[in-house]
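Undergrad: Quick one: structure below, then a few questions.
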Amino acid sequence: MTEILGRILTPTGFVDGRLHFDARIVEISPAKLPVGAPVILPGFIDLHTPGGGGADALGGEASVRTIARTHARFGTTALLPSPVTAPEAELESAMAGIARVAAKRASGEARVLGAHVEGPFLNPDRLGAQPPFTKAPDGALMDRLLAAGPVRMITLAPELPGATELIRSLTARGVKVLLGHSAASYEATIAALDAGAAGFTHLFNAMSPLHQRAPGMVGAALARAEFAAVIPDLVHVHPGALRAALRAIPRLYGTTDAVAAAGMPDGDYRLGNQRVIKRGGTVSLADGTLAGSALTMDQALRNFVAIGCALDDAARRLSAFPAEMLGLDDRGRIAPGAHADLVVLDAALRVTAVYVEGEAVALKT
């Protein structure tokens, strides 16, 4: 049994206490805290993680394990590796690698909950930095990907032919469908939500924008969404737009959209079959197009706080809300019986300890 003392974020708010846990939370007992006691939050859950530590989610089992180890050092205790658009054989191979990691977590790794497949059913005119391997929605291809590995989420463009039928089918099978990389109208987006789509991928980015006479996908998200993901690096989305989304969407949650460059020095990295460049904290293609991010979830927390979110609210947007999106009631919260997925922070909100299912993670490589 492990015990740690601090200001603990529970589902009902912060309490000063001692946390007792093994692989799961056993008890929270009240305690008087010393000066400088840490903050203890639920571990972060990243539902969109294309890479990290120099590795790409398309690279197979070893790459996925590198991604899981890298992000664990920054407080991410569970994640969805997120292969970008690629030829079918590469996607199936990637899913097989993700499946092996999801089946058996190794020491030091964040828990891999499955995959978020970002494509290939995307609008070719809204690819952003995605490689150009888009396809029309294809139920047979989706069946093959589901057979290859645990697809928990998929991003698609709802204006494509056959998208509505695929949204209904996948939703009935328990796959969360997110809308993104899309030029859909407001009306087409609302129809996709009515068909069962669960939310939006990197709100504002690579989607039809809000205009007062053509509200687009962004307008539909602000008007109707319960859940949407946003990249809170303060580069992909202006703080003012982020604040507007925070007021409009009850369970707006943060994801990193981190590529192989996350946790690595400046240099050249892979995103699918694309070469991307990390310079000064941002990642782009050679032409300057943003290409995912180098964001980590601890920095996402600090960024939410910096724009005015209370710490408990910021934390829930990186833990409880992603868990709710996946329908998980034993992660993203510190309560008896939940997995002991924890991140411990100092007064500056810097990570000092991470526990994945009760195991302490080494913070340095």
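Residue by residue, here is whether (1) farther than 26 Å from residue 40 by Cβ; (2) at pLDDT 95 or above; (3) buried (at least 23 other Cβ atoms within 10 Å of the Cβ) holds:
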| site | (1), (2), (3) |
| --- | --- |
| 280 | yes, no, no |
| 297 | no, yes, yes |
| 343 | no, yes, yes |
| 347 | no, yes, no |
| 354 | no, yes, yes |
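Undergrad: Tell me, which residue of the stretch 307-322 that is part of a helix (DSSP H, G or I) and not charged (D, E, K, R) is farthest from residue 153 (Cα to Cα)? Before the answer, list the steps.
TA: Just the residues of the stretch 307-322 that are part of a helix (DSSP H, G or I), to begin with: 311-316, 320-322.
Now narrow it down to the ones that are not charged (D, E, K, R): 311, 314-315, 320-322.
Working: 311: 28, 314: 23, 315: 22, 320: 17, 321: 15, 322: 12 Å.
Among those that are part of a helix (DSSP H, G or I) and not charged (D, E, K, R), it is 311.
Undergrad: Okay, moving on. Can you tell me how many residues in the stretch 31-67 are among the hydrophobic types (A, V, I, L, M, F, W, C), under 17 Å from the mean Cα position of the chain (by Cα) and surrounded by fewer than 24 Cβ atoms within 10 Å (Cβ to Cβ)?
TA: The total comes to 0.
Undergrad: Okay, next question. Every residue in the stretch 333-348 that is in contact with an Asp or Glu (Cβ under 7 Å, 6 or more places away or on another chain) and closer than 18 Å to residue 314 by Cα, please.
TA: Residue satisfying the conditions is 341 alone.
Undergrad: What residue, of 108, 114, is in contact with a Gly (Cβ under 8 Å, 6 or more places away or on another chain), at pLDDT 95 or above and not aliphatic (A, V, I, L, M)?
TA: The match here is 114.
Undergrad: Would you say residue 227 is closer than 30 Å to residue 247 by Cα and among the aromatic types (Phe, Trp, Tyr)?
TA: Answer is yes for this residue.
Undergrad: State which residue is nearest to the chain's Cα centre (by Cα) when the search covers only the stretch 104-130 and only residues that are charged (D, E, K, R) and more than 19 Å from residue 177 (Cα to Cα). Break it down into steps so the answer makes sense when it comes.
TA: Residues of the stretch 104-130 charged (D, E, K, R): 104-105, 109, 111, 118, 125-126.
Add one more test, that the residue is more than 19 Å from residue 177 (Cα to Cα), and what stays is 104-105, 109, 111, 125.
On the way: 104: 20, 105: 18, 109: 16, 111: 13, 125: 24 Å.
Within the stretch 104-130, the match that is nearest to the chain's Cα centre (by Cα) is 111.
Undergrad: Where in the stretch 247-296 are there strands (runs of 3 or more DSSP E), lying fully within it, with 1 or more residues that are within 26 Å of residue 91 (Cβ to Cβ) and over 15 Å from the mean Cα position of the chain (by Cα)?
TA: Numbers: elements: 251-254, 267-271, 274-279, 282-284.
Strands (runs of 3 or more DSSP E) meeting the threshold: 267-271, 274-279, 282-284.
Undergrad: Sticking with this structure for a sec: How many residues does the stretch 208-248 contain that are within 20 Å of residue 301 (Cβ to Cβ), in contact (Cβ under 8 Å) with a residue 24 or more places away in the chain and not acidic (Asp, Glu)?
TA: 16
Undergrad: Scan the stretch 164-198 for residues that are within 20 Å of residue 118 (Cβ to Cβ) and of a type in the set (Val, Ile, Thr) and jot them down. Outline the logic, then answer.
TA: Initially, the stretch 164-198 is screened for residues within 20 Å of residue 118 (Cβ to Cβ), giving 164, 166-167, 169-171, 173-184, 188-189, 192-193, 195-198.
If the condition is that a residue be within 20 Å of residue 118 (Cβ to Cβ) and of a type in the set (Val, Ile, Thr), then 164, 167, 171, 175, 177, 189 are the ones that fit.
Undergrad: Moving on to the next point. State yes or no: is residue 362 among the aliphatic types (A, V, I, L, M), closer than 24 Å to residue 19 by Cβ and loosely packed, with under 14 Cβ neighbours inside 10 Å? Give the steps one after another, and end with the answer.
TA: Values: among the aliphatic types (A, V, I, L, M): yes; closer than 24 Å to residue 19 by Cβ: yes; loosely packed, with under 14 Cβ neighbours inside 10 Å: yes.
Judged against the criteria, residue 362 is a match.
Undergrad: Which residues, counting only those in the stretch 47-71, are out of contact with any helix residue (DSSP H, G or I) (no Cβ under 9 Å at 6 or more places or on another chain) and either within 27 Å of residue 179 (Cα to Cα) or among the charged types (D, E, K, R) (or both)? So that I can check it myself, show each step before the final result.
TA: Taking the stretch 47-71 first, the residues out of contact with any helix residue (DSSP H, G or I) (no Cβ under 9 Å at 6 or more places or on another chain) are 48, 69-70.
The answer is 48, 69.
Undergrad: Taking the condition more than 26 Å from residue 207 (Cβ to Cβ) and either in contact with a strand residue (DSSP E or B) (Cβ under 9 Å, 6 or more places away or on another chain) or among the aliphatic types (A, V, I, L, M) (or both), does residue 300 pass? Walk me through how you get there before you give the answer.
TA: Working: more than 26 Å from residue 207 (Cβ to Cβ): no; either in contact with a strand residue (DSSP E or B) (Cβ under 9 Å, 6 or more places away or on another chain) or among the aliphatic types (A, V, I, L, M) (or both): yes.
Answer is no for this residue.
Undergrad: Can you work out which of the residues in the stretch 68-93 that are free of Cβ contacts under 8 Å to residues at least 40 places away in the same chain and among the hydrophobic types (A, V, I, L, M, F, W, C) is surrounded by the fewest Cβ atoms within 10 Å (Cβ to Cβ)?
TA: Result: 89.
Undergrad: Do any strands (runs of 3 or more DSSP E) entirely within the stretch 1-106 hold 1 or more residues that are among the basic types (Lys, Arg), and if so, which? Working first, answer last.
TA: Details: elements: 2-10, 13-21, 25-30, 39-42, 44-49, 76-81.
So the answer is 2-10, 13-21.
Undergrad: Which of (1) under 24 Å from residue 307 (Cβ atoms); (2) not in a strand (DSSP E or B) is the odd one out, the single condition residue 228 does not satisfy?
TA: Unmet condition: (2).
The values are calculated or read from the model by the stated rules, or taken from the named source; none is laboratory data. All values derive from a computational prediction rather than experimental measurement. A quick note on method: Cβ atoms are made from the backbone with ideal geometry, for glycine too, and the neighbour counts reach across all protein chains shown.
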